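Just so it is clear, none of the values below were taken in a lab; they were calculated from the coordinates. For clarity, every value in this text was computed on a predicted model and none was experimentally measured. Because the Cβ atoms are built from the backbone with ideal geometry, glycine has one as well, and the counts that use them run over all protein chains shown.
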Amino acid sequence: MLALTFQIGPESVGLDIRRVREVIPRVRLRTTIGAPHWYPGVFVYRGYVIPVVDLHQLTGHGECPLLLSSRIVLITVQTESHANLLLGLLAAQVADLREITIAEESSPHREHLHSASRVSMGALVPDSHGGIIRILDPEQLLPRDALAWITSTAGERS
């Protein structure tokens, strides 16, 4: 699998490139009233209001650092109503595409199951550099209640 790699806190993370719509520079976000700490705001992209999730805040690593390599990764997430939501993921050190081999016979380690209130960051697998990389699963990333909140404020679209 070809993966876009980046950092969330001290951890290396990979996202299947087939899930990425676009990677854009970090832009100024407009905050929204009553937003959770991991929701820094929204921005307009090609005529749509795009909600953004700060992956660092979501996982308890403080705010995403203001680095030249910090980017917004646009992905499409399927909601419970089976509609698609275009979502921005704010991440640091977004700079690399890497081939990652996931052995089919081995079951990747998952820290916990997806639930209504817990973040699920995905599987841990060995990378080609002798380290460990987490494979982010966008469909499991946000707790259901968080995704429902984002959907209610930003709206669904294909």
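Report the paramagnetic label zone for residue 59: residues of the range 1-21 whose backbone N is under 16 Å from a point 7 Å from Cα along the Cα-to-Cβ axis.
3-16
Within 10 Å, count the other beta carbons around each residue, average over each peptide in 87-98, 13-24, and list them highest first.
Top to bottom by mean Cβ count within 10 Å: 87-98, 13-24.
Put +1 on the Cβ of each Lys and Arg and -1 on the Cβ of each Asp and Glu in the range 2-154; which of 147, 95, 45 then has its Cα farthest toward the positive end of the dipole?
Going by the Cα projections, it comes out as 45.
If I model a spin label at residue 45 and residue 67 as a point 7 Å from the Cα along the Cα→Cβ vector, what separation in nanometres do I get?
A separation of 2.0 nm, rounded to one decimal place.
For residue 35 and residue 148 in one chain, what is 0.36 nm times their gap in residues minus the Cα-Cα distance, to one decimal in nm?
39.4 nm
Quick check on packing: order 121-132, 63-74 by the mean number of other C-beta atoms within 10 Å, highest mean leading.
63-74, 121-132
For the range 1-101, what number results from the quotient of the Cα radius of gyration and 2.2 N^0.38 Å?
The value comes to 1.05.
If you wrap a convex hull around the alpha carbons of the range 3-44, what volume per residue comes out, as a whole number of Å³?
106
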